[in-house]
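Visitor: Following this message is one structure expressed as structure tokens.
Derivation of every value follows stated rules applied to the coordinates shown; laboratory data play no part. As the structure is a prediction and not an experimental result, all values here were calculated from the model. FYI the Cβ positions are ideal-geometry reconstructions off the backbone, even for glycines, and counts take in every protein chain you see.
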Amino acid sequence: MTPSKKNLYLHLRDDRFRGVIPPPAVASRDLPKWWKEIDYTVDPEKHPHRFGNVYDPKFWGAFSKKDAAEIKQPTVKGCPAIQDWMTSGFIIRLWSDVLVVKSEDGEVKVNHGDPAYDEHISGFSVPMMFGEDSGIKSKSLVKLSSPWAITGDPGVSVIYEPVPGYFDRPWLTFSGIVPVDQYPLDIKWIFEWQGPPGDYLIPAGTPIMRVLPILRTNFSLESGGEIDPSSERSRCPYFMLRKAVVEKWDFISKLTSSKLKDEN
């Protein structure tokens, strides 16, 4: 039975910012530049293959064009699991320029480029909130309250977490789960600045957080028995690649035997 559609509802808490700040965007339309530019596969001649780091033209040249297409090395973009991870949910973009100052002793101070937002800045002492052995190197965390709030239909919660695919960010966005059907989620960006000491500017519009809606229910983990080898996993590029190589394994055997004879 197909589940009924559930909705999230976006609320702007201050009309002063209507039409001024960037609204949340669907993640599939707000992807990192590197993701947009890479292909689903790469040629094994140009990149080391996951079945070995040596490119042998005699081996790969014996495959048909159809098999050769399957044997191309899948990139991360060709993985269905990563596709879902990158394109699910909604992206929250920074609503104002943010100025970050980190001192040599790890203290972090933050101000908005627009003073209208400065009243919504607060923070946490790491030793007070997490103790002395949490592994968090900064002395304090920053909390910025946005002009946005989210509510949802019955049974809906949201996960807020770092934006996927931005591996070069000098900050760590903290994650959490909120039942937005029970009370509004006032979107707050809580983060640790992990960059070195210095003065920094985070421009308005920078992706800072992903909101991922989920339906609450009770789960149990039980044994499911064996999985049919012909099931959905066969669509994964890795298994397609392995199938093509196994089907041509006789060529590898013949090539190896030929080389051994020549050597003897």
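Visitor: Any of Lys77/Lys143; Lys102/Lys137; Lys6/Lys36; Lys102/Lys188 with alpha carbons more than 24 Å apart? Name them for me.
Guide: Lys77/Lys143; Lys6/Lys36
Visitor: Just want the ordering: His11, His112, from fewest to most Cβ atoms lying within 10 Å of their own Cβ.
Guide: His11, His112
Visitor: Next up: Which one, Val126, Val142, Pro162, is farthest towards the positive end of the dipole of segment 83-231 when Lys and Arg carry +1 and Asp and Glu -1 on their Cβ?
Guide: Comparing the listed Cα positions along the dipole, Val142 ranks first.
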